[in-house]
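The values are calculated or read from the model by the stated rules, or taken from the named source; none is laboratory data. Computed from a predicted structure; not experimentally measured. In this analysis, Cβ positions are derived from the backbone assuming ideal geometry, glycine residues included, and neighbour counts consider all displayed protein chains.
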Amino acid sequence: MQTCRDLATLRECINAWKREGRRIGFVPTMGNLHAGHYALVELARQHCDAVVASIFVNPTQFGPNEDYARYPRTEQRDAEGLAQAGAAALFLPTVEAMYPFGAMGCVQMHVPGITDILCGAHRPGHFNGVATVVARLFNMVQPDCAVFGRKDYQQMQVIRYMAEELSFPVEIIPAPTLREGSGLAMSSRNQYLGDAERDTAAAIFRTLGQMREQCIDGTPVAQIEREAEAALQALGFTVDYAEVRSATLAPASRALDNRRVALIAAFLGRTRLIDNLEFEIP
Ligand code: PAF
């Protein structure tokens, strides 16, 4: 695996592959990697000839009270894991390379509508930061395809929308969520959970399953959401939202087809966990 710390080295590498006619896949990450990330690289390998992974802890997607400074930097371990998973190159841009005129006041992306709901409503500016850095990374890496996990369902939709509307020549490939045996979705944030919290956290996936069953049974969405929130609160979660939406994240009442997604974001102690479950109603 080639490690590229600046854009010139990355471009050299990518241009050589492109000259050989290789299809480039891309897996952007913020590091602190786990099995779920390595599965993204493995999926990307099935769709292209050379996978570029990036590690960049993006300051513009963290809110003022979020953990940017404390976000774990585990470059050496991550690089080993990425090489093992089969990445051909690792791009490690600095903040200065990503935001040459400074992260504050930089040119920004804003994907309207979809970024104002769910996580966007609870983390103002978060998706602007995500869309901004992903657009920059797409310009730098110039991939043919890029893999995003379904666990970050809203993020995946924001990026799909942005890529389509701005005609980025990048195929967005969604990757399934990897789960622990308990059903808990794999996430870098799980490491902040103690043993007892980890057991409790598995209730998120169980609650999503209940939301799906109720939806299929025809229970009104408002009731499903109320009951899911109450069930999680009873277990000690502080719930940001527990909602059922259409697959495009429009309100379920305005869905144009029978695809639905149940989504939860909730704090367990100081750790914010998100998960979702996609399904169809009869
Ligand atoms: O999902 C993430 O790890 C980040 O939001 C991403 C897509 C790498 C952008 O910083």
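Before moving on, here are some points about what is shown:
- The number of residues in segment 226-259 that are out of contact with any Phe, Trp or Tyr (no Cβ under 6 Å at 6 or more places or on another chain) and either under 18 Å from residue 153 (Cα atoms) or outside any helix (DSSP H, G or I) (or both) comes to 22.
- Candidate set: segment 260-282, residues that are in a loop (DSSP other than H, G, I, E, B) and closer than 25 Å to residue 62 by Cα; chosen: the one modelled with the highest pLDDT: 269
- Residue match in segment 135-148 (condition: part of a loop (DSSP other than H, G, I, E, B), among the charged types (D, E, K, R) and either under 25 Å from residue 50 (Cα atoms) or touching a His at 6+ places or on another chain (Cβ under 8 Å) (or both)): yes
- Test: residue in segment 6-27 that is in contact with a helix residue (DSSP H, G or I) (Cβ under 6 Å, 6 or more places away or on another chain), over 20 Å from residue 98 (Cβ atoms), within 16 Å of the ligand (Cβ to nearest atom) and not basic (Lys, Arg): yes
- When residues of segment 64-98 are limited to those that are free of Cβ contacts under 8 Å to residues at least 40 places away in the same chain and over 17 Å from the mean Cα position of the chain (by Cα), the one surrounded by the fewest Cβ atoms within 10 Å (Cβ to Cβ): 65
- Out of 16, 53, 35, sole residue that is touching a residue at least 12 places away in the same chain (Cβ under 8 Å) and farther than 17 Å from residue 189 by Cβ: 53
- Leading residue by the ranking (nearest to residue 138 (Cα to Cα)) among those in segment 1-23 that are in a helix (DSSP H, G or I) and of a type outside the set (A, V, I, L, M, F, W, C): 11
- Count of segment 117-135 residues which are near the ligand (Cβ under 10 Å from one of its atoms) and either under 28 Å from residue 11 (Cα atoms) or buried (at least 23 other Cβ atoms within 10 Å of the Cβ) (or both): 7
- Looking only at residues in segment 30-58 that are under 25 Å from residue 96 (Cα atoms) and away from the ligand (no atom under 11 Å from the Cβ), the one that is surrounded by the fewest Cβ atoms within 10 Å (Cβ to Cβ) is 51.
Yes/no matrix, rows are residues, columns are (1) aromatic (Phe, Trp, Tyr); (2) within 24 Å of residue 36 (Cβ to Cβ):
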position	(1), (2)
210	no, yes
230	no, no
237	yes, yes
250	no, no
261	no, yes
265	no, yes
281	no, no
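- Pair list, Cβ under 8 Å, 6 or more apart: segment 241-266 residue under 19 Å from residue 231 (Cα atoms), other residue among the aromatic types (Phe, Trp, Tyr) and not in a strand (DSSP E or B): 261/153; 263/153; 266/237
- Hits in segment 141-159 - residues which are in contact (Cβ under 8 Å) with a residue 24 or more places away in the chain, within 14 Å of the ligand (Cβ to nearest atom) and surrounded by fewer than 21 Cβ atoms within 10 Å (Cβ to Cβ): 150, 151, 152
- Close pairs (8 angstrom Cβ cut-off, 6 or more residues apart or separate chains): basic (Lys, Arg) in segment 111-138, more than 9 Å from the ligand (Cβ to nearest atom) anywhere: 123/63; 123/66; 136/98
- Within the set 212, 198, the sole residue that is in a helix (DSSP H, G or I), over 21 Å from the mean Cα position of the chain (by Cα) and surrounded by 14 or more Cβ atoms within 10 Å (Cβ to Cβ) turns out to be 212.
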